[in-house]
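K.L.:
What follows is a structure written as C-alpha cells; I'll ask about it next.
The values are calculated or read from the model by the stated rules, or taken from the named source; none is laboratory data. Treat the numbers as computed from the prediction; the structure is a model and nothing was measured. A quick note on method: Cβ atoms are made from the backbone with ideal geometry, for glycine too, and the neighbour counts reach across all protein chains shown. Side chains included, ligands, DNA and RNA excluded: accessible areas come from the protein's heavy atoms. Shrake-Rupley method; radii C 1.70, N 1.55, O 1.52, S 1.80 Å.
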Amino acid sequence: MSALANYCSENLEALKKRAQYRTLKAPGVSGSIAFAANDYLGLSRHPEVVKAGQEALLAYGTGAGASRLVTGNHLLYAPLEEKIARMKHKEAALVFGSGYLTNLGVIPALVGKGDLILADKLIHACLIDGSQLSGAALKRFRHNDPAHAEALLKEHRTKYKNTLILVDHVYSMDGDIAPLAELSELAGAHDAWLMADDAHGFGIVPSGVNVDIWMGTLSKAVGCYGGYVATSKPVVEYLVTAARSFIFSTGLPPAVCASALKALEIIEREPQRGARALALARRVKSGAQSAIMPIMLGTEEKALAAAEALKRRGILVVAIRPPTVPPGTARLRLAFSAAHTDAEVDKLIAALKAEQLI
Ligand SMILES: *Cc1c(COP(=O)(O)O)cnc(C)c1O
C-alpha cells in the first residue's frame, strides 16, 4: 500500500474503533419511512417546482457557464434575489453556490484580523469554518445564553475593531431556537453585528426579529440547491466584490434558480406547509419548536443501535455522532416534513415507544 493510502487506512481504523466511521446514505429505501431529510416542506418533488426547472433547463441549458461577475449572472437571479429579500424583510439578497459557500464567503468578507467573532457553542460547522478562514478572534458563548454573550462582550468588545455575533436561528442538531430578540439588543448596545443562519428555520419558524444579516440555504425547506444572504443594499453590493466564494465560483445552473423561485412562491402561497411540519413534530413531543427533534442517547454505540432498531421497524432515522455534535451527546435526529402522512407519524410514534425512546 502507498504511504498515503496507509495513512488514510490507519485513520479509518481509529474512527471505526470509536464508532465514528461514516458511510454515504441513499434516500430512504422503499418500504421504510424516512424521518431523516431536510426537505421539510416536501417541495423537492413538487410538480410545479420540477416543471419550472424543466422549462428553464430547456430554455437556458445545464450550466451558468461562468461566475456571476464574468457572464454567469443569468436572468433568473434577479427575481430570485428579490423574492428572498422580500420574504426575509430585507432590502436585498445575494445568492451563492450553497449555504456552505455563503458562510465561507460572507464571514471573511466582513471581519478579519483585529476583529472579534462571538459565536454560540452549537453553531453549524460552516459558520466555524468561515470564522477560522476570516482570521478574526473567535470566542464562544454557552448555547442560547445571552447573559454569557453579554459578559464576553463586556470583557472583550473594546479590544477589537468590529464584532460579529454568529448564531443559528434553529439549531440543526437540537431543533431549538436562538433568543434573537435579546441578542439583537445586545448587538445594538455593544456596537456589534448580528448574523443568523436560518438554514433550518426558513419556511417553518417565522423570523420576526430584524437581524443585520440573515443567511440561509435553498437546499432544505426550499427543496433545491444554493445559499443566500439577505441584508441591506450596501452590504450586498460590498459582498459582490469581497466574498471570495462568490467571486471565484460558477453561478448556479439556471434550472436550479427557476425551481427555487417556484418553491419560494409556493412557500408564500401555502404557509400551512410549514405549520404542518411543526404540528407533526409536536405530535411526538409537545414542546417541539421546529421540524427537528433530537433523541439524546449519549454514546455513539447507543445511537447507532437505536437507529438500527428503528430500521428493523421500517423507520429510517440518522444517528448523529461526534464530531458533528459534542462528545457524549450522540443522538437520533428526527426531521419532520409536511409531506409525511398522519399514518406515517403514527407508525413512528409506535416504533419510538416500542424501543422506549420516548
Ligand atoms: C445545511 C446547513 C448549511 C449549509 O447549507 P448547504 O446549502 O447545504 O451548503 C449551513 N448552515 C446550517 C445551519 C445548515 O444546517
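K.L.:
Tell me, yes or no, whether the stretch 151-165 has at least one residue that is surrounded by 23 or more Cβ atoms within 10 Å (Cβ to Cβ), modelled with pLDDT of 95 or more, within 16 Å of the ligand (Cβ to nearest atom) and under 18 Å from L110 (Cβ atoms).
P.N.:
Yes, the stretch 151-165 contains at least one residue that is surrounded by 23 or more Cβ atoms within 10 Å (Cβ to Cβ), modelled with pLDDT of 95 or more, within 16 Å of the ligand (Cβ to nearest atom) and under 18 Å from L110 (Cβ atoms).
K.L.:
Restricting attention to the stretch 167-197, which residues are in contact with a Pro (Cβ under 7 Å, 6 or more places away or on another chain) and not in a helix (DSSP H, G or I)?
P.N.:
Result: M173, D174, G175, P179.
K.L.:
Still on this model: So, in the stretch 65-113, exactly how many residues are β-branched (V, I, T) and either away from the ligand (no atom under 16 Å from the Cβ) or surrounded by fewer than 17 Cβ atoms within 10 Å (Cβ to Cβ) (or both)? If you could, list the steps in order and put the result at the bottom.
P.N.:
Narrowing the stretch 65-113 to residues β-branched (V, I, T): 70-71, 84, 95, 102, 106-107, 111.
Those left that are additionally either away from the ligand (no atom under 16 Å from the Cβ) or surrounded by fewer than 17 Cβ atoms within 10 Å (Cβ to Cβ) (or both): 70-71, 111.
Counting residues in the stretch 65-113 that are β-branched (V, I, T) and either away from the ligand (no atom under 16 Å from the Cβ) or surrounded by fewer than 17 Cβ atoms within 10 Å (Cβ to Cβ) (or both) gives 3.
K.L.:
Additional query: Which one of these does M173 not meet: (1) within 30 Å of Y60 (Cα to Cα); (2) open to solvent by 10 Å² or more (accessible area, probe 1.4 Å); (3) within 11 Å of the ligand (Cβ to nearest atom)?
P.N.:
Going through the list (1) within 30 Å of Y60 (Cα to Cα); (2) open to solvent by 10 Å² or more (accessible area, probe 1.4 Å); (3) within 11 Å of the ligand (Cβ to nearest atom), M173 breaks only (1).
K.L.:
Identify, by number, the condition in (1) modelled with pLDDT under 95; (2) open to solvent by less than 20 Å² (accessible area, probe 1.4 Å); (3) among the hydrophobic types (A, V, I, L, M, F, W, C) that A351 doesn't meet.
P.N.:
That leaves (1) as the condition not met.
K.L.:
Take the residues of the stretch 121-132 that are away from the ligand (no atom under 11 Å from the Cβ) and not in a loop (DSSP other than H, G, I, E, B): which is most open to solvent (accessible area, probe 1.4 Å)?
P.N.:
Filtering first and then ranking leaves Q132.
K.L.:
Among the residues of the stretch 214-238, what is the count of those that are surrounded by fewer than 23 Cβ atoms within 10 Å (Cβ to Cβ) and in contact with a Phe, Trp or Tyr (Cβ under 7 Å, 6 or more places away or on another chain)?
P.N.:
Of all residues in the stretch 214-238, those surrounded by fewer than 23 Cβ atoms within 10 Å (Cβ to Cβ) come to 219, 225, 232-238.
Cutting the leftovers down to in contact with a Phe, Trp or Tyr (Cβ under 7 Å, 6 or more places away or on another chain) gives us 219.
Count: 1.
K.L.:
Let me ask you something else. Conditions: (1) under 29 Å from G53 (Cβ atoms); (2) open to solvent by 50 Å² or more (accessible area, probe 1.4 Å); (3) away from the ligand (no atom under 15 Å from the Cβ). M296 meets all but one. Number of the miss?
P.N.:
(1)
K.L.:
While we're here: Please work out if G188 is surrounded by fewer than 22 Cβ atoms within 10 Å (Cβ to Cβ), over 14 Å from the mean Cα position of the chain (by Cα), touching a residue at least 24 places away in the same chain (Cβ under 8 Å) and away from the ligand (no atom under 15 Å from the Cβ).
P.N.:
Against the criterion (surrounded by fewer than 22 Cβ atoms within 10 Å (Cβ to Cβ), over 14 Å from the mean Cα position of the chain (by Cα), touching a residue at least 24 places away in the same chain (Cβ under 8 Å) and away from the ligand (no atom under 15 Å from the Cβ)), G188 does not qualify.
K.L.:
Which residue pairs have Cβ atoms under 7 Å apart, sit 6 or more places apart or on different chains, and have a first residue in the stretch 198-214 that is assigned to a loop (DSSP other than H, G, I, E, B) and more than 14 Å from the ligand (Cβ to nearest atom) and a second that is open to solvent by less than 30 Å² (accessible area, probe 1.4 Å) and of a type outside the set (F, W, Y)?
P.N.:
V209/L180; V211/L180; V211/L194; V211/M195; V211/A196; D212/L194; D212/M195; D212/T231
K.L.:
Another one. Go through the stretch 36-61 and give me each residue that's in contact with a helix residue (DSSP H, G or I) (Cβ under 6 Å, 6 or more places away or on another chain) and either over 30 Å from Y77 (Cβ atoms) or open to solvent by 30 Å² or more (accessible area, probe 1.4 Å) (or both).
P.N.:
E48, L57, Y60
K.L.:
State yes or no: is A330 touching an Asp or Glu at 6+ places or on another chain (Cβ under 7 Å), under 29 Å from V222 (Cα atoms) and free of Cβ contacts under 8 Å to residues at least 40 places away in the same chain?
P.N.:
yes
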